[in-house]
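The values are calculated or read from the model by the stated rules, or taken from the named source; none is laboratory data. Keep in mind it's a predicted model, so treat the numbers as computed, not measured. Cβ placement follows ideal geometry from the backbone for every residue including glycine, while neighbour counts extend to all protein chains displayed. Areas reflect the complete protein model, heavy atoms only, side chains present, ligands, DNA and RNA absent. Shrake-Rupley method; radii C 1.70, N 1.55, O 1.52, S 1.80 Å.
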Amino acid sequence: VLKHLRHLNFTNNMGEQVDFDEFGDLVGNYSIINWHLSPEDGSVVFEEVGHYNVYAKKGERLFINENKILWSGFSKEVPFSNCSRDCLPGTRKGIIEGEPTCCFECVDCPDGEYSDETDASACDKCPEDYWSNENHTSCIPKQIEFLSWTEPFGIALTLFAVLGIFLTSFVLGVFTKFRNTPIVKATNRELSYLLLFSLLCCFSSSLFFIGEPQNWTCRLRQPAFGISFVLCISCILVKTNRVLLVFEAKIPTSLHRKWWGLNLQFLLVFLCTFVQIVICVIWLYTAPPSSYRNHELEDEIIFITCHEGSLMALGFLIGYTCLLAAICFFFAFKSRKLPENFNEAKFITFSMLIFFIVWISFIPAYASTYGKFVSAVEVIAILAASFGLLACIFFNKVYIILFKPSRNTIEEVRCSTAAHAFKVAARATLRRSNVSRKRSNSLGGSTGSTPSSSISSKSNHEDPFPLPASAERQRQQQRGCKQKVSFGSGTVTLSLSFEEPQKNAMANRNAKRRNSLEAQNSDESLMRHRALLPLQ
């Protein structure tokens, strides 16, 4: 049929020529008719509102006079003839089950997708670093979060870190200025300097956790924190262990001073720190930390964090630090009865308890937080542990140095040390006395009571040159001390005097006479040597 239509032409009954083109389409002119309702009788009236002329120029073939068009009788507004409205940007067309395809519902684009055209059949997905806006008509960059220097939380942590650095520097300045005083010397001056330096490193290492994480900061912050804390705890461990071994030595000789000399102390600190350095080097070589953009925690936020590379390595780093802290706690507990001037045990014990509480709490907090709060939790742990060590170990000494200079004298140190020696000797004497009394009671059946043992440094002879009571009290305050020690089975009164070489010979003879009476205790000579060895 198409073959014949291409060559067909004829005249219709209206006298119009009808032709078909080479494609089989009808070639002709058309009149556009609009059906009107007659206002008189309601009949249909055919009104010509335009025409189509195929022989006219292109663009002029169709003509419609829209002012003549009437809809639904007498309305000039075009009626809505679809079963569904157009879908606006931000939505897409959804199929309605059981309805033809021309009938659809408008569905909002899901989060992360957008549509910027009308009647979109599908929504487009936003790029990885972008997210859809509120209307889902376009994509906007995602919000980037990390522990910033400018946010209030970051500013607060920075201020605390700077405060810790300032306080540590102040303590170091005090110790340097009063380096020749007995309190500073008795606490192992050189190791105290190294300990304060390590605390400075601890406070400074917390600053690496603040700011936008970079690859170099991620690789530096954990080793810096781990090595600083191990150096700090190693110094405390060596200090405590040294004094403990000196006072616990059975036969104190120059060998102990040589064995626990300054060089060996620094060597032990280096060896303890070297183990942590090896752990950090292996970690950085096998699984180095790096900066990581996390898109998975929240859809519209990118968290820039540090990917630690190996949680096992981080566990070894913290675990080794806690192991040294546990050993330090053990030695501090053993040395809790040493003389007060040498004994930092109760302060070290308390600081280690704070250390353990902080890092035990850190583990669940670190595992349960995400994003920038991971860095914040670790910064808080570092600052809390550092402030605990600084306050417990050094604040008491700084208080004595600055506000109680009367306690920062060689006589005070010697008095405390000698008192410790006599306490130990008195305990041993009372113990032997109790054992002998029990033996005598069991063998001889004695029913009499044995008087309590006592050790007194008071002379049984009168001083050939007595002084008035007020002058004598002043002389005792200036030249010596007096302590009274009570036990379960007796009381020991200690009266110790320290003479200067320039005093007269009579005072020296009196001191020798008093010391000779003190030597009646069989353990006094040994314990005095133990007590004075740290001062040497």
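Hey, got the dipole for the stretch 1-68? About the Cα centre, +1 on K and R Cβ, -1 on D and E Cβ, debye to the nearest 20?
380 debye
Past 29 Å, Cα to Cα, is the threshold; run K177/K334; K346/K404; K185/K334; K57/K93; K68/K93; K346/K372 against it and keep the listed order.
With Cα atoms farther than 29 Å apart: K177/K334; K57/K93; K68/K93; K346/K372.
What is the mean projected area of the alpha carbon convex hull for the stretch 1-68, to one decimal in square nanometres?
Over every viewing direction, the Cα hull of the stretch 1-68 projects on average to 6.8 nm².
Please report, as a whole percent, how much of the solvent-accessible surface of the stretch 142-202 comes from carbon and sulfur atoms (probe radius 1.4 Å).
Here it works out to 73 percent.
Let me check I have the definition right: for the stretch 91-141, take the eigenvalues of the Cα gyration tensor, multiply each by 5, take square roots. What are those semi-axes in whole Å, largest first? Let's see the in-between values first.
Values: eigenvalues 124, 15, 12 Å².
Whole-Å semi-axes of the equivalent ellipsoid: 25, 9, 8.
Would you work out what percent of the accessible area of the stretch 91-141, with all protein chains in place, is carbon or sulfur (probe 1.4 Å)?
Using a 1.4 Å probe with all protein chains present, the stretch 91-141 comes out at 44 percent carbon and sulfur.
Go through V281, V275 and list them by solvent-accessible area, largest first, probe radius 1.4 Å.
V281, V275
Return one whole number: the accessible area per residue of the stretch 1-68 in Å², for a 1.4 Å probe.
Accessible area per residue: 85 Å².
With every protein chain left in place and a probe of 1.4 Å, what is the accessible surface of H307, to the nearest 10 Å²?
Using a 1.4 Å probe on the heavy atoms, I get roughly 100 Å².
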